[in-house]
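Peer 1: What follows is a single structure, and I will ask about it in a moment.
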Amino acid sequence: MDKPTKDLMNELVSLKHKRELDQWIEEHKHENKSFGQYFQELCRKYNTNPSQLSGYCGKSKSYLYKCSANDKIPSKKVVVLIGIALKATLEEINTMLKCAGHKELYPKNMWDAIIIFGLNKGYNIYEIDGLLREYEVAGGLLNEEENRE
């Protein structure tokens, strides 16, 4: 599990020698995965691939393969779509978001809160998109103009 930033900062400022920094970096280098690396890891875990996921998340096969190769970095919404299509956990989706350079889902944000609720209930993309529309939250999951890639 990821350590809080405060703990990491405390560890870093307590280091006295370069060899301690070397050891610290060795211990934490796995935490710096790219989105593509983590996406591939989750595809293996869930026994799927970008081609199979494209039908579930409304993104083209070529776009998802580019994401898995780090040729494209997906938006927050697309990361969430991919995560839901994978049936990934909330923790895994938050890790995907961080790997793609986005912030984790945040309960004080209404869009994020509805996504969190839907994930917790095991809802699919269409059910979560329906909740976003029902509560009139801007930026539903399945906006056609945004899902052409």
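The values are calculated or read from the model by the stated rules, or taken from the named source; none is laboratory data. None of the values given here were measured: they were computed from a predicted structure. Positions of Cβ are generated from backbone atoms using ideal geometry, with glycine treated the same way; all protein chains shown enter the neighbour counts.
Peer 1: Taking residue 29 as the residue in question, decide whether it is over 30 Å from residue 117 (Cβ atoms), out of contact with any helix residue (DSSP H, G or I) (no Cβ under 7 Å at 6 or more places or on another chain), modelled with pLDDT of 95 or more and in a helix (DSSP H, G or I). Talk me through it step by step, then tell me what you get.
Peer 2: Details: over 30 Å from residue 117 (Cβ atoms): yes; out of contact with any helix residue (DSSP H, G or I) (no Cβ under 7 Å at 6 or more places or on another chain): yes; modelled with pLDDT of 95 or more: no; in a helix (DSSP H, G or I): yes.
No.
Peer 1: Which of the numbered conditions does residue 111 fail, given that it passes all the others? Conditions: (1) loosely packed, with under 15 Cβ neighbours inside 10 Å; (2) of a type in the set (Phe, Trp, Tyr); (3) touching a helix residue (DSSP H, G or I) at 6+ places or on another chain (Cβ under 8 Å).
Peer 2: (1)
Peer 1: Out of 121, 108, 98, 87, I need the residue that is in the same structural domain as residue 40 (by TED's automatic domain parsing) and either under 17 Å from residue 35 (Cβ atoms) or touching a strand residue (DSSP E or B) at 6+ places or on another chain (Cβ under 8 Å) (or both). Which one? I'd like the intermediate steps shown before the answer.
Peer 2: Numbers: 121 fails: either under 17 Å from residue 35 (Cβ atoms) or touching a strand residue (DSSP E or B) at 6+ places or on another chain (Cβ under 8 Å) (or both); 108 fails: either under 17 Å from residue 35 (Cβ atoms) or touching a strand residue (DSSP E or B) at 6+ places or on another chain (Cβ under 8 Å) (or both); 87 fails: either under 17 Å from residue 35 (Cβ atoms) or touching a strand residue (DSSP E or B) at 6+ places or on another chain (Cβ under 8 Å) (or both).
It is 98.
Peer 1: Still on this structure: Could you please find all residues in the range 4-50 being exposed (fewer than 12 other Cβ atoms within 10 Å of the Cβ), of a type outside the set (D, E, K, R) and farther than 22 Å from residue 98 by Cα? Don't jump to the end; show me each part of the working.
Peer 2: Kept after step one, since they are exposed (fewer than 12 other Cβ atoms within 10 Å of the Cβ), are these residues of the range 4-50: 4-7, 9-10, 13-14, 16-19, 22, 25-27, 29-30, 32, 44-45, 47.
Checking which are of a type outside the set (D, E, K, R) leaves us with 4-5, 9-10, 13-14, 17, 25, 30, 32, 47.
Hits for the range 4-50 are 13, 14, 17, 47.
Peer 1: So, one more: So residue 78 passes all but one of these: (1) surrounded by 20 or more Cβ atoms within 10 Å (Cβ to Cβ); (2) more than 9 Å from the chain's Cα centre (by Cα); (3) assigned to a helix (DSSP H, G or I). Which condition number does it fail?
Peer 2: (2)
Peer 1: Let me ask you something else. Collect the residues in the range 55-75 that are in contact with an Asp or Glu (Cβ under 7 Å, 6 or more places away or on another chain) and crowded, with 21+ Cβ neighbours inside 10 Å, keeping them in residue-number order.
Peer 2: As a first pass, look at the range 55-75 and keep what is in contact with an Asp or Glu (Cβ under 7 Å, 6 or more places away or on another chain): 59-60, 63.
Across the range 55-75, the qualifying residue is only 59.
Peer 1: Residues that are part of a helix (DSSP H, G or I), surrounded by 15 or more Cβ atoms within 10 Å (Cβ to Cβ) and not hydroxyl-bearing (Ser, Thr, Tyr): does the range 131-143 have at least one? Break it down into steps so the answer makes sense when it comes.
Peer 2: From the range 131-143, those part of a helix (DSSP H, G or I) are 131-134; that's our starting set.
Filter once more, so that each one left must be surrounded by 15 or more Cβ atoms within 10 Å (Cβ to Cβ): 131-132.
Filter again for not hydroxyl-bearing (Ser, Thr, Tyr), leaving 131-132.
Yes, there is a match, as at least one residue in the range 131-143 is part of a helix (DSSP H, G or I), surrounded by 15 or more Cβ atoms within 10 Å (Cβ to Cβ) and not hydroxyl-bearing (Ser, Thr, Tyr).
Here's the yes/no breakdown for (1) assigned by TED's automatic domain parsing to the domain that holds residue 103; (2) at pLDDT below 95:
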{"position": "7", "(1), (2)": "no, yes"}
{"position": "14", "(1), (2)": "no, yes"}
{"position": "18", "(1), (2)": "no, yes"}
{"position": "47", "(1), (2)": "yes, no"}
{"position": "57", "(1), (2)": "yes, yes"}
{"position": "67", "(1), (2)": "yes, no"}
{"position": "74", "(1), (2)": "yes, no"}
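Peer 1: Okay, next question. For the structure I just gave you, tell me whether residue 87 is more than 20 Å from residue 55 (Cα to Cα) and either modelled with pLDDT of 95 or more or among the basic types (Lys, Arg) (or both).
Peer 2: Values: more than 20 Å from residue 55 (Cα to Cα): no; either modelled with pLDDT of 95 or more or among the basic types (Lys, Arg) (or both): yes.
The answer is no for residue 87.
Peer 1: Filter the range 32-76 for residues that are β-branched (Val, Ile, Thr) and either over 17 Å from residue 94 (Cα atoms) or out of contact with any helix residue (DSSP H, G or I) (no Cβ under 7 Å at 6 or more places or on another chain) (or both) and give the result. Let's see the steps before the verdict.
Peer 2: First, pick out the residues of the range 32-76 that are β-branched (Val, Ile, Thr): 48, 73.
If the condition is that a residue be β-branched (Val, Ile, Thr) and either over 17 Å from residue 94 (Cα atoms) or out of contact with any helix residue (DSSP H, G or I) (no Cβ under 7 Å at 6 or more places or on another chain) (or both), then 48 is the only one that fits.
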